[in-house]
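A.B. asks: Quick one: the structure is below, and I'll ask about it shortly.
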């Protein structure tokens, strides 16, 4: 059961002063008005303005929203890349007590329409480059009252089938650059983000002003961020608020770098701009960092990223990638852990604890970097067995990870059958992990992905990372597939750098020592690419379905 709240002696603090997100940028614009925000332009170039400039436009945007008839508790969607306007709306929409709907433009039109309808979005702001997405969505979103087109072009030069369309810059030109921000109940929704799980409909996570505010301060402390930093937002702002970095970067008064639209197939633009702007903090998935590293290898002069922290999520970063960035550039890959339901920052693997710096060998330190790190201050974490009993933090016992804290959800929006996702006030992550005696969390699998073979568990994550250590392996996934005798057996799916197959003996050699002989995959499938979800995670549901019959005739 959730602990009862005990009333103590009343304080004389300003507890009625609400934690509102807009105060974060208001402070930085007031105190660091000259700090720069660098952004990608529609033609692929770069431009910049200051916090003071941005704050004036944020206030104009708030007046635009009010003129449109948007008010407290209204939901407003955004279809955009990591752009200047997107950044401005991050503050303007919640600043008037409306809620910002983070719209994952990679969702199918059906799922995106569900999200818009389920959240009751009234207006949607859309970048001109994403008009085809909006136009495909519009027939399935009859409750959307209007669309606001964001472009540097005049409306007369843009053609669209959308109805009731307004031009953002035209409205901004007529709006006042002064806005009297209301004091909003800190428990009110700041933003909504919907899960992109591989089963069922997307589920709504509604973040409060209070939760975002506290998440921001905790993340800034954990990453030691300040006005000396330059923060590049690589992770999409349309999902999990780019892991909180827009708020944390602004709270820290750091330089903000907004890369706009980029392609995973060509991440050179990200590396070049990191060099040009001396970026010290950036976020992304291994699927983005790997091609960035490949590009760096082609440079005659390697960048000096010794001050740079690369916050890596989605999947466990391969040790070879972490070492590659360190050896070539000095950059530190900070493995993090979280989920849409956790806002998402829960753990980070930063500097090794002082108590371990002199006792671990270099190899042991690198192995420790593979863990998800230490929980951040403010989050309670448990690992439990199948019956909900707590397991020891001995680095051996594995169980489901449960989380609780001011930025961890307590329920899903308008979802009545979510009881199995919560236990005693904790959110059940569905992840399997272990915690060692020093407090480091190590994920071993998803409950739905752990391979159950002959009554024993096999960690797909550890096996994947061992396989990617091969110099010719670009990426790998391991899934459990039904076996008539052993319940499940692992199948390794591998993408090689040159497209050629590898002998299975070479794959087994990578695993020997870390895995028992019976755990080794009987089958290795070589692929051109691995299927991923809309946020870059390996889509193991698709993989399992594609290879479900691979052991059908095996006895």
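A.B. asks: Could you work out the relative contact order of the chain? I mean the mean sequence separation of Cα pairs under 8 Å and 6+ apart, divided by the number of residues, in percent.
C.D. replies: Numbers: 1098 pairs, mean separation 58.4, N = 555.
Relative contact order for the chain comes out at 11 percent.
A.B. asks: With r as the distance between the Cβ atoms of residue 12 and residue 361 and R0 = 60 Å, compute the FRET efficiency 1/(1 + (r/R0)^6) and round to 0.05.
C.D. replies: 0.70
A.B. asks: Quick check on the range 26-345: of the DSSP beta bridges with both residues there, what percent are antiparallel, nearest 5%?
C.D. replies: Given both bridge residues lie in the range 26-345, the antiparallel proportion sits at roughly 25 percent.
A.B. asks: Roughly what % of Cα-Cα distances in the range 26-345 sit above 37 Å, to the whole percent?
C.D. replies: Cα-Cα pairs in the range 26-345 separated by more than 37 Å: 13 percent.
A.B. asks: A further question on this structure: Using alpha carbons only, how many degrees (0 to 90, rounded to 10) separate the axis of helix 319-329 from the longest principal axis of the chain?
C.D. replies: 60 degrees
A.B. asks: Residue 173 to residue 226: FRET efficiency via 1/(1 + (r/R0)^6), r the Cβ-Cβ distance, R0 35 Å, to the nearest 0.05?
C.D. replies: Details: r = 35 Å, r/R0 = 1.01.
With R0 = 35 Å, the Cβ-Cβ based efficiency is 0.50.
A.B. asks: If you take every DSSP beta bridge whose two residues both sit in the range 449-555, what share of them, in percent to the nearest 5, is antiparallel? Working shown, then result.
C.D. replies: Details: 14 of 19 bridges.
Antiparallel bridges: around 75 percent, rounded to the nearest 5.
A.B. asks: So, one more: How are the alpha carbon pair distances in the range 345-471 distributed across 5 Å bins from zero to the largest one, expressed in percent?
C.D. replies: The distribution over the range 345-471 is 2, 10, 17, 21, 20, 15, 10, 5, 2, 1, 0, given as percents.
A.B. asks: Next question, about the same structure. Just to confirm the number: angle between the C-alpha axis of helix 84-95 and the first principal axis of the chain, 0 to 90 degrees, nearest 10?
C.D. replies: Around 70 degrees separate the two axes.
A.B. asks: Can I ask one more? By how many nm would the segment from residue 396 to residue 351 lengthen if fully extended, with 0.36 nm per residue of separation less the alpha-carbon distance?
C.D. replies: 13.9 nm
A.B. asks: Next up: For the chain, what is the mean residue ellipticity at 222 nm derived from helices alone (per DSSP H run of n ≥ 4: -39500 (n - 2.57); sum divided by total residues; nearest 500 deg cm²/dmol)?
C.D. replies: Calculated mean residue ellipticity at 222 nm is -8000 deg cm²/dmol.
A.B. asks: Nearest 10 degrees, 0 to 90: what angle lies between the long axis of helix 209-222 and the longest principal axis of the chain (Cα atoms)?
C.D. replies: Around 60 degrees separate the two axes.
A.B. asks: Ranked from highest to lowest mean number of other Cβ atoms within 10 Å per residue, what is the order of the peptides 390-403, 354-367, 409-422?
C.D. replies: 390-403, 409-422, 354-367
A.B. asks: If I model a spin label at residue 387 and residue 187 as a point 7 Å from the Cα along the Cα→Cβ vector, what separation in nanometres do I get?
C.D. replies: 3.7 nm
A.B. asks: Using the beta-carbon distance between residue 161 and residue 522 and R0 = 60 Å, what value does 1/(1 + (r/R0)^6) give for FRET efficiency, to the nearest 0.05?
C.D. replies: 0.70
A.B. asks: Assuming 0.36 nm per residue, please report the length gained on full extension of the stretch residue 420 to residue 506 beyond their Cα-Cα distance.
C.D. replies: Values: separation 86, 0.36 × 86 = 30.96 nm, distance 4.21 nm.
26.7 nm is the gain from fully extending residue 420 to residue 506.
A.B. asks: With a ≥ b ≥ c the root eigenvalues of the C-alpha gyration tensor of the range 451-546, is it rounded (a/c under 1.5), prolate (a/b larger than b/c) or oblate?
C.D. replies: oblate
A.B. asks: Please state the relative contact order of the range 451-546 as a whole percent: Cα pairs under 8 Å, 6+ residues apart?
C.D. replies: Worked out over the range 451-546, it gives 26 percent.
A.B. asks: Which value, in Å to one decimal place, does the Kirkwood hydrodynamic radius take for the range 234-342 when every pair of different Cα atoms is included?
C.D. replies: Kirkwood radius, the range 234-342: 14.2 Å.
We did not get these values from a lab; they are worked out from the coordinates using the rules stated. None of the values given here were measured: they were computed from a predicted structure. In this analysis, Cβ positions are derived from the backbone assuming ideal geometry, glycine residues included, and neighbour counts consider all displayed protein chains.
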